[in-house]
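**Student:** My structure is below; once you've seen it, I'll send some questions.
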Amino acid sequence: MADYLDGAALIQRPSPNHGPRKTGIIAPDLVVLHYTAMAGAEDAISTLCDPENEVSAHYLIARDGVVTQMVDETQRAWHAGAGRWAGCDDINSRSIGIELDNDGYSPFSATLMDALEGLLGGVLARWEIPVHHVIAHSDLAPLRKCDPGGRFDWKRLAQSGLSIWPTKAQEQPLTQSLEALGYGVAEFGLEACLNAFRLRFAPWRVGDEVEEDRRDAASLATRFAVDPWQVSS
């Protein structure tokens, strides 16, 4: 029989692929959402628990809503890889990683989303993490990652008070807004960061930036600007 965490069935499958958070960081202040891009949850869990792969995550949520914990929340899981957010490039030390059982093309199941809302709500409450610190893997690594992808329902999370969503606002320079939100424009370039932003908030948009991009980004930046982290490595 499974245990339960934040209302979801919980299975423990400890992964050896973790370590202590960076010196001076005593609590996570960011949550990164991924998709597995694999055939099923068991394949992904096996990969994340194999010491030869040197990858892991704190949690994986299967399509049937079962949550598997592989790394304790106090520890540094190896899920983010190379990237940058709000001036920090050791994302693993600052974050909790949640893998979602999805092939990258299909809709996310309702049972998975229900379980995610329960898990994510508990994580944010336990560590006092603000909702604008819930980001996509593609946000921190826009040149090499696209997960959890354009099929993920960020608007649903925002309506549940677990993420953010654009509102009406006056436009302002796009670079200014994206940097205020945490995107590494200087490192990755404006085009890559715009593509990552669109992937979350307007996956139907393509091509050069438009007024709607500037308005959407400004509406979020004026409400959810992040403070650059002082610790970087």
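The values are calculated or read from the model by the stated rules, or taken from the named source; none is laboratory data. Because the structure is a prediction, the values reported are computed rather than measured. Here Cβ is always computed from backbone atoms with ideal geometry, including for glycine, and neighbour counts include all displayed protein chains. What goes into the accessible areas is simple: the full protein's heavy atoms, side chains included, and nothing from ligands, DNA or RNA. Shrake-Rupley method; radii C 1.70, N 1.55, O 1.52, S 1.80 Å.
**Student:** Within segment 173-180, does at least one residue satisfy the condition of being out of contact with any strand residue (DSSP E or B) (no Cβ under 7 Å at 6 or more places or on another chain), without any contact (Cβ under 8 Å) to a residue 24 or more places away in the chain and under 27 Å from Thr23 (Cα atoms)?
**Tutor:** Of all residues in segment 173-180, those out of contact with any strand residue (DSSP E or B) (no Cβ under 7 Å at 6 or more places or on another chain) come to 173-180.
Retained after the next criterion (residues that are without any contact (Cβ under 8 Å) to a residue 24 or more places away in the chain): 175, 179.
Then keep just the ones that are under 27 Å from Thr23 (Cα atoms); that gives 179.
Within segment 173-180 (the criterion being out of contact with any strand residue (DSSP E or B) (no Cβ under 7 Å at 6 or more places or on another chain), without any contact (Cβ under 8 Å) to a residue 24 or more places away in the chain and under 27 Å from Thr23 (Cα atoms)), the answer is yes, since at least one residue qualifies.
**Student:** Here is a follow-up. Could you tell me which numbered condition Asp103 fails, if it satisfies all but one of (1) surrounded by fewer than 21 Cβ atoms within 10 Å (Cβ to Cβ); (2) assigned to a helix (DSSP H, G or I); (3) not small (Gly, Ala, Ser)?
**Tutor:** Asp103 satisfies every listed condition except (2).
**Student:** Still on this structure, please answer the following. Among (1) touching a Gly at 6+ places or on another chain (Cβ under 7 Å); (2) surrounded by fewer than 24 Cβ atoms within 10 Å (Cβ to Cβ), which single condition is Ile45 missing?
**Tutor:** Result: Ile45 passes all but (1).
**Student:** Here is a further query. Those residues that are open to solvent by 10 Å² or more (accessible area, probe 1.4 Å), part of a helix (DSSP H, G or I) and either closer than 14 Å to His34 by Cα or out of contact with any Leu (no Cβ under 7 Å at 6 or more places or on another chain) (or both), I need them from segment 59-100; list them, please.
**Tutor:** The answer is Asn92, and nothing else.
**Student:** Pick from Ala44, Ala57: which is touching a His at 6+ places or on another chain (Cβ under 7 Å) and closer than 24 Å to Arg200 by Cα? Give the derivation first.
**Tutor:** Numbers: Ala44 fails: touching a His at 6+ places or on another chain (Cβ under 7 Å).
Only one candidate qualifies: Ala57.
**Student:** I need a count of the residues in segment 12-42 that are of a type in the set (S, T, N, Q), open to solvent by 60 Å² or more (accessible area, probe 1.4 Å) and part of a loop (DSSP other than H, G, I, E, B).
**Tutor:** First, pick out the residues of segment 12-42 that are of a type in the set (S, T, N, Q): 12, 15, 17, 23, 36.
Next cut, open to solvent by 60 Å² or more (accessible area, probe 1.4 Å) only: 12, 23.
Add one more test, that the residue is part of a loop (DSSP other than H, G, I, E, B), and what stays is 23.
Residues flagged as of a type in the set (S, T, N, Q), open to solvent by 60 Å² or more (accessible area, probe 1.4 Å) and part of a loop (DSSP other than H, G, I, E, B) within segment 12-42 amount to 1.
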